[in-house]
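The values are calculated or read from the model by the stated rules, or taken from the named source; none is laboratory data. Source: prediction; values computed, not measured. So basically every Cβ, Gly included, is an ideal-geometry build from the backbone, and we count neighbours across all protein chains shown.
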Amino acid sequence: MVEIRARLPFRAAGEHGVPATDRLCLPFERRQKSRQRARLASGEEVAIDLPRGMLLRGGDWVLASDGRAIEVVAETERLLHIECASDRDAARVAYHLGNRHVAVQVGEGWLRLPHDAVIERMVQGLGARTSVVDAPFEPEAGAYAAHHRHDNASGHGGRIHEFGDALAALAAREPR
């Protein structure tokens, strides 16, 4: 069985003209698992054995043990699409979703998450408009991304963000 053990640090087709030999189509839940068996679009079974914590995104390329470059495709999923009347309302909804540790995709004027009837009722209660859509799901990686730690071993001294001067500049701005 062919094994996938590495993600390419670039998109082979876009940067180097290398064509994909196959596609690995997975929903988000499976793209965040580092060890599993899966089937390529061609029907071939593969073993995925990536470094722990490695997340695959739609458009990523992985390297098979036989040398093939395989494109990762974010499979279409049933999602809750949320829109709010104002930025303040959207921030309130995002706050409550964050308190529940819900994976959220942030778009221009909308939020998306895996469809959940309980969460749908909650955000409607906060005044949000909801609909159900079928689309690829690419949620935010989170402030800590792959190095989520609560001590100083990560090297960031407990800071939530790693944006240094940009955050200082924002903090120095006068309120509107």
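When every residue of region 126-147 is checked against the conditions, none turns out to be part of a helix (DSSP H, G or I), modelled with pLDDT of 95 or more, on the phi < 0 side of the Ramachandran plot and surrounded by 14 or more Cβ atoms within 10 Å (Cβ to Cβ). Checking every residue in region 64-74 against the condition of being out of contact with any helix residue (DSSP H, G or I) (no Cβ under 8 Å at 6 or more places or on another chain) and surrounded by fewer than 13 Cβ atoms within 10 Å (Cβ to Cβ) gives at least one match. Pairs linking a residue in region 85-100 that is at pLDDT 95 or above to a residue that is of a type in the set (Val, Ile, Thr), with Cβ atoms under 7 Å and 6 or more positions apart or on different chains, are Val93/Ile82; Val93/Val123; Ala94/Val104; Leu97/Val104. Kindly establish whether Gly67 is among the small types (Gly, Ala, Ser) and closer than 23 Å to Ala103 by Cβ. Judged against the criteria, Gly67 is not a match.
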